[in-house]
Amino acid sequence: MAEFVFRRIILVIPVVLGVSLLVFFLIHFIPGDPAVLILGESAQPADIARLRHELGLDEPLLHQLGSFLGGISRFDLGTSLHRSVPVSMILLQRFPATIELTVVSLITALLIAFPLGIISAVRARTIFDSGSMFFALLGVSMPNFWLGPLLILLFSIKLDLLPVSGRGDWTTYILPAVTLGTALAAILTRMIRSSLLEVIQLPYITTAYSKGLTPVRVILKHALRNALIPVVTIIGLQFGALLGGSIITETIFSWPGIGRELIEAIQGRDYPVVQGCVLLISLAYVLVNLATDMLYGFLDPRIQLAVRLDHSRRAEASFFSRIFKHRKFILTASGILLAAAWLSGTPGIRIKVSQAAGLIWSAVQVLPAVTESHIDMILQMGIVLLIPIAMLIWHRSDPRSWRRFARTQTAWAGLGIFCVFLIVGLFGPRMAPYDPLDQNLERRLESPSAEHWMGTDEIGRDVLSRVLDGTRISVKVGLIVTLVSAFAGTLIGMVSGLAGGWVDEMVMRVVDILLAFPGILLAIALVAVLGPDINNVILALCLMGWVGFARLARAQVLKAREEEYVESARALGSSASRLITRHLLPNIIAPIVVQATLGMAGVIVAEAGLSFLGLGVQPPTPSWGGILNSGVDFFMEGPHMTVFPGLAIMVVVMGLNFFGDGLRDALDPRAQQS
């Protein structure tokens, strides 16, 4: 067990270092001079020079890096630009509130998920099972930035039972905890049901029943413990989602935590506080995942046995030599980087990453103009690309797969919703009954009627027209991010899995570093420094989105490269590119498409969440998240401004989940064999 624990700790070190480096370079990603951006173009040169000195931007880059890493070791993260107090003091004041909310939300999710998951598994294929699974799908499809306002509208405004916001007695925890924990409860319900269904079919469970044990004792004492391994994994991974989701939840309920502090710092361009918040949340997530790994050995003794057997098989080499052998390039690079950072003070090394980023960003800025002027063409090309992919999957799949898909009503419903979503996204502005930007103050905040089916907003604009026009943004972001992420991630994952060795190690460490930023935290940080803009949102979501596809493609390639047809192709002298395009890609495309379908739902929610926070599409351009955010201030007068855009998000996400689940069930090889 000690070797297993030590191995996990060693693997965390490069991740922590990578997270620290990425957070350090956040401020250098700002195009231009960060001091000028913070103070404004009209600032005096003396003020700019003073701020550059306070931020350490007038020092060599490696010296800045050394100071930053040294400050982290002392928990010295600089000083707030607006409050002139240490960032560490701000974090110590705000972080306990976030931990409290996250823990209460986790407990709420567990109290909901365990009873529902156990009942669903024991009463599988009954009305109880159907009801639990519907709740699970509903919880996954409802974004927290819509659920929170709905709960406030119902329990605080209509019924006057619970406080609207703030942190006080136990009643103030109920609405934020339910808002933050509902999605996790839905995910855990499905996982507990799936894992428990597999365990209760094993022989030792039948033996326990034959000995006369009661069903309650069999399930709770014997089956549930062995079904907890994947559940604990999900809890560890989703704890980061709770931390990331707390950013939006704390903003909705004015909760005095680190998430709200992050949004306030972004709005005030207090970049040292932004760096501190992002770093603390990410490191907390890394440590939680480390603790989750530690629990494996206690929950499943087979893991400890596997470690001991591995140690006995490799007795000729010590554990430390194996660690050095497999990780030496990371340790060497880290040592060189740290040594150079601390020892470099010479003005000869003055590589300004902000200037390099500015040059790169100037090249990237060419893309938005092309994207905006050819949006219809890009969307149509994306849809056209789906046709050959679908034909390839059809050709490679068992015919019984599509018969299973055709018999699944929810899959057809999801496909229908997806098609309607694409059509409205392409032709929504032409379908709108009114101009989404036309104002009529005399008819502001009107309720739904025959003339305005979804009512009007605070300045008299037709909500239906704005929701239809906002669909264009969701389709644009969803398609572009999904296609780019799928292409880049699949290519990187396949190359990594096929090459192996140090290439695979390097790619996986980069993946681990990016996965250390929970939820949309990295997207929030990138948009904060690049500026709120739809194209920056697409860029940030693409940088996040490729990771999942890379891991999936790598896992599929690692499994497929040992097959006989791949070995035969290698023996015949096939190049790596031919192996990828002709042999590997056609055989792993099905799970990639399923991942893309489910991932597109997450992209739509992420874009709406960023727009809800004011970091996405800027007014007056309509977007679902922006419309929902504007309706939060008018709960009493116009609840329809909150209900309808959130309902559109939920229906589309639910449809994509229906479609993705149908594809996954149809293309599952185990289902084909049965």
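Enclosing the Cα atoms of segment 473-561 in their convex hull gives a volume equal to 88 cubic angstrom per residue. Each of 525, 541, 590 was placed along the dipole of segment 525-591 (beta-carbon charges, centred on the mean Cα), and the one lying farthest toward the positive end is 590. Each part gets one Cα centre, and for segment 53-68 versus segment 142-201 those centres are 44 Å apart. Length gained on full extension, residue 13 to residue 198, computed as 0.36 nm times the residue gap minus the Cα-Cα distance: 63.0 nm.
When the square roots of the Cα gyration tensor eigenvalues are ordered a ≥ b ≥ c, the ratio a/c for segment 437-509 is 1.5 or more and a/b exceeds b/c, which makes its shape prolate. If you bin the C-alpha pair distances of segment 1-95 every 5 Å from 0, what whole percents do you get? Cα pair-distance distribution for segment 1-95, in percent: 2, 11, 16, 20, 18, 13, 8, 4, 3, 2, 1, 1, 0.
Ordered by 1.4 Å accessible area with all protein chains kept, 211, 221 run largest first as 211, 221.
One compactness figure for segment 544-606 is 1.32, namely its Cα radius of gyration divided by 2.2 N^0.38 Å. Site pair residue 93 and residue 254 shows an inter-label distance of 1.7 nm when each label is modelled 7 Å from Cα along Cα→Cβ.
Taking a spot 7 Å from the Cα of residue 443 along the direction of its beta carbon, which residues of segment 597-630 have an amide N less than 14 Å from it? Counting backbone N atoms under 14 Å from the label point, the list is empty. For residue 459, the amide hydrogen comes within under 5 Å of the amide hydrogens of 445, counting only partners 5 or more places away or on other chains and with H modelled in the peptide plane. Count the net charge of all other residues whose Cβ sits under 15 Å from the Cβ of residue 246, scoring Lys and Arg as +1 and Asp and Glu as -1. Result for the neighbourhood of residue 246: -1.
What number does segment 557-674 give for Rg over Rh if you use C-alpha atoms and the Kirkwood radius?
1.24
Ranking 103, 79, 65 by how far each Cα lies toward the positive end of the dipole of segment 41-122 (charges on Cβ) leaves 103 at the top.
The residues of segment 463-502 present an accessible area of 28 Å² per residue when probed at 1.4 Å with all protein chains retained. Sites listed here are trypsin sites (Lys or Arg not before Pro) in segment 49-156 whose DSSP assignment is loop and whose Cβ has at most 11 other Cβ atoms within 10 Å: 74, 125. Between segment 572-613 and segment 619-664, the alpha-carbon centres lie 26 Å apart.
Other residues with beta-carbon under 13 Å from the beta-carbon of residue 208 carry, at +1 per Lys or Arg and -1 per Asp or Glu, a net charge of +4. Rounded to the nearest 20 debye, the dipole size of segment 59-157 about its Cα centre is 180 debye, using +1 on the Cβ of Lys and Arg and -1 on the Cβ of Asp and Glu. For the pair residue 508 and residue 107, a Förster radius of 22 Å applied to the C-beta separation gives a FRET efficiency near 0.10, rounded to the nearest 0.05. For residue 113, neighbours were defined as the other residues whose beta-carbon sits under 14 Å from its Cβ, and their charges (Lys and Arg +1, Asp and Glu -1) total +2.
Solvent-accessible surface of segment 20-142, averaged per residue with a 1.4 angstrom probe and all protein chains in place: 48 square angstrom.
Computed over segment 232-297, the P(r) tail beyond 20 angstrom holds 35 percent of alpha carbon pairs. Note on residue 555 and residue 162: the model spin-label points, each 7 Å out from Cα along the C-beta direction, lie 3.4 nm apart. Separation of segment 447-500 and segment 220-282, taken as the distance between their Cα centroids, equals 24 angstrom.
From largest accessible area down, sort 442, 264, 562; use a 1.4 Å probe on the protein chains.
Ranking 442, 264, 562 by accessible area, largest first, yields 442, 562, 264.
The values are calculated or read from the model by the stated rules, or taken from the named source; none is laboratory data. Since this is a predicted model, take the numbers as computed values, not measurements. Every residue, glycine as well, gets a Cβ built from its backbone with ideal geometry; the counts of neighbours run over all protein chains shown. Heavy atoms of the whole protein, side chains included, go into the accessibility calculation; ligands, DNA and RNA do not. Shrake-Rupley method; radii C 1.70, N 1.55, O 1.52, S 1.80 Å.
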